[in-house]
Amino acid sequence: MITILGAGVAGLCAATVLAERGLSVEVVDSGPEGAGASWLAGGMLAPFVEAESAPPEVARLGATAAEWWAARVPGVVRHGTLVVAPARDRAELDRFATRTTGYARIGADRIAELEPALAGRFANALLYEAEAHLDPRVALQALADGLRQRRVAIRYDTHLAPDQANIDCRGIAARDTLLGLRAVRGEMLLLHCPNVTLTRPIRLLHPRFPVYVVPREGGRFMVGATMVESDAVGPVTLRSASELMSAAFALHPGFAEAAIVEMGSGLRPAFADNVPRLTQAAGRWHLNGLYRHGFLTAPALAKQLADEIDLAPQEAAFAH
Amino acid sequence: MRLYDVDLSSRLLLGTAQYPSPLVLTDAIAAAGCGVITVSLRRETANGGANGFWPLLQATGARILPNTAGCHSAQEAITTAQMAREVFGTNWIKLEVIGNADTLQPDPFALVEAARVLCADGFAVFPYTTEDLIVAERLLDAGCRVLMPWGAPIGSGRGLRHVDALNAMRAHFPSVPLIIDAGIGAPSQAAQAMEMGFDAVLLNTAVAKAGDPVAMGRAFGQAIAAGRAAFEAGLMPPRDMAVPSTPVLGMADLGLGGLR
């Protein structure tokens, strides 16, 4: 029996890949379902857009993420990503274009065709057609359901000493073992706004508050996310909330009428280079440092992990 | 260069925000040969800041200049400075009091007020100010021994927008360390500031948002060293008329006749 610690996106992807390969696994999480950083994620499967600030390794890990998710969970939408900038920040759009690939430059007519709600609001945009998005909560629940169908136990609110586990996917909590791990605080809003319709994630480039709006089912939108070098776990600050709200309002004034369904904050685990990785420490595997790329990179890291375990006999794989 | 009785070998000060990753940031600091880095207390260390970023900055060996970035009143800046002294264990403070949220220009009145309180409290204050000479005098009266006039609005990358005013400021305060802070977008602009006799340059976005921040950090380090060397060497004065640089003496006599 392989014990995986942590039922966030890393832990559930690892459990899924291992179970699919016929291994016997269980998942243990010290918190309740829906309490970790994965629950607050944007769920954008955007390897091209992320390349603007992420090292090439992240795009490489994320290249097949959309296929992986679409084969396992409902609600993977493959409409691409739209990147826009207010007229006075047009230089930001040009800068973004020079840092990325996989986009088409489109004008006002095409923007109106793709997203009628944005008609007349932006003269230029970058369309990253190959990208996708999903609802992290739907996806995590679907992975958990799939695991239970394979008779994999997922135990929430259960404390287990880390050295009793074989695979550590605890996110920032694994700082007790992975000394290079740091916390990057993120804050997000969940809005209900049925009078605005968007069909793909929109990134609004702004020199001060770059923000994205990801449509969810039922007239909901996730607006995120701040990036603060801090391990403060408290509620969303007024400053962050007002930045996120201003950006949403700048994207579409209809968001002024939105109901704020939820404000959330969490800690992203990141290594110094912001690249997620599979490592060994303290006698167990660690899948960590997923930073802002959890749903994008977890499937590829889980496959790496399964390959490592496949290569070695059971006993040897966990005898470090 | 000597700032508040501390000798520094580099004349480049770097901000630490907006880099793609802490690794890129620390590599850029090393490539630039930068000896002082600014850290914003408000953002980077909310509620203690034991997130792991701080040890990475300490490991660079650069001296930390905490920053009251984003403060809009004297009281807010004073409180932030006091917190920074506790958190970072230094009495150095970059004093920034923003007067307008859109232009991010300094509020000179609140700046002088905050500088007076902080200097009296034992801080070594690095005020982010304009090129206004009277404000500069008031800041010196308040106890500041370094001034940091802007080149252009924060993050704008416009270079030195008021060259004449900055020249006047340099001439007016020949013995006060003057650091150009904000608005620098290219190494040539930093070199220009150094050629004008400014003591150092503080910048962030131009390196953090470059395609290759590490290479850009190196380029800024080189430009600032070159600009300083040029200032020390003494620039030639501009002339209105052309002056041939090839000596007439010894010009070849081609024996074509007619001239003799």
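Annotations
- Given (1) more than 14 Å from the chain's Cα centre (by Cα); (2) surrounded by fewer than 18 Cβ atoms within 10 Å (Cβ to Cβ), number of the condition B:P153 does not satisfy: (1)
- Of note, A:R72 satisfies the criterion of being in a loop (DSSP other than H, G, I, E, B) and among the charged types (D, E, K, R).
- For region A:81-133, a residue qualifies if it is of a type in the set (G, A, S), within 19 Å of A:H206 (Cβ to Cβ), free of Cβ contacts under 8 Å to residues at least 40 places away in the same chain and not in a loop (DSSP other than H, G, I, E, B), and the qualifying residues are A:A87, A:A91, A:A97.
Condition check ((1) crowded, with 23+ Cβ neighbours inside 10 Å; (2) in contact (Cβ under 8 Å) with a residue 12 or more places away in the chain; (3) under 26 Å from A:P207 (Cβ atoms)) across all residues:
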| position | (1), (2), (3) |
| --- | --- |
| B:I64 | no, yes, yes |
| B:H72 | no, yes, yes |
| B:T79 | no, no, no |
| B:Q82 | no, yes, no |
| B:Q105 | no, yes, yes |
| B:D121 | no, yes, no |
| B:E137 | no, no, no |
| B:V146 | no, yes, no |
| B:L160 | yes, yes, yes |
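- Residue count for region A:263-279, restricted to those that are in contact with a helix residue (DSSP H, G or I) (Cβ under 9 Å, 6 or more places away or on another chain) and away from chain B (no Cβ under 14 Å): 3.
- Hits in region A:167-223 (condition: within 14 Å of chain B (Cβ to nearest Cβ) and among the charged types (D, E, K, R)): A:R175, A:D176, A:R182, A:R185, A:E187, A:R208
- Being of a type outside the set (A, V, I, L, M), in a helix (DSSP H, G or I) and open to solvent by less than 20 Å² (accessible area, probe 1.4 Å) is true of A:G11.
- Hey, A:A132 within 30 Å of A:A35 (Cα to Cα) and either among the small types (G, A, S) or within 14 Å of chain B (Cβ to nearest Cβ) (or both) or not: yes
- When region A:96-136 is filtered for residues that are under 25 Å from A:H293 (Cβ atoms) and surrounded by fewer than 17 Cβ atoms within 10 Å (Cβ to Cβ), the ones remaining, listed by number, are A:A97, A:T98, A:R99, A:T101, A:A104, A:E129, A:A130.
- Checking each residue in region A:14-36 for being within 28 Å of A:V233 (Cα to Cα), at pLDDT 95 or above, of a type outside the set (D, E, K, R) and crowded, with 24+ Cβ neighbours inside 10 Å picks out A:A14, A:A15, A:V27.
- Residue in region A:66-88 that is under 30 Å from A:G6 (Cβ atoms), touching a strand residue (DSSP E or B) at 6+ places or on another chain (Cβ under 9 Å), open to solvent by less than 50 Å² (accessible area, probe 1.4 Å) and polar (S, T, N, Q) present: yes
- Where B:V24 falls short, out of the listed (1) open to solvent by 30 Å² or more (accessible area, probe 1.4 Å); (2) modelled with pLDDT of 90 or more; (3) away from chain A (no Cβ under 12 Å): (3)
- Failed item in (1) outside any helix (DSSP H, G or I); (2) under 19 Å from B:G122 (Cα atoms); (3) modelled with pLDDT under 90, with B:L65 passing the rest: (3)
- The set of residues from region A:282-305 being touching an Asp or Glu at 6+ places or on another chain (Cβ under 8 Å) and over 19 Å from A:W39 (Cα atoms) comprises A:A282, A:G283, A:R284, A:W285, A:H286.
- Which numbered condition A:G171 misses (of (1) touching a Pro at 6+ places or on another chain (Cβ under 6 Å); (2) more than 21 Å from A:V17 (Cβ to Cβ)): (2)
- Of all residues in region A:217-247 being part of a strand (DSSP E or B) and touching a His at 6+ places or on another chain (Cβ under 9 Å), the one that is nearest to A:L82 (Cα to Cα): A:F221
The values are calculated or read from the model by the stated rules, or taken from the named source; none is laboratory data. Just so you know, these numbers come straight off a predicted model, no measurement behind them. Cβ sites come from the backbone with ideal geometry, for glycine too, and all protein chains shown count toward neighbours. Note: areas computed on protein heavy atoms with side chains; ligands, DNA, RNA excluded. Shrake-Rupley method; radii C 1.70, N 1.55, O 1.52, S 1.80 Å.
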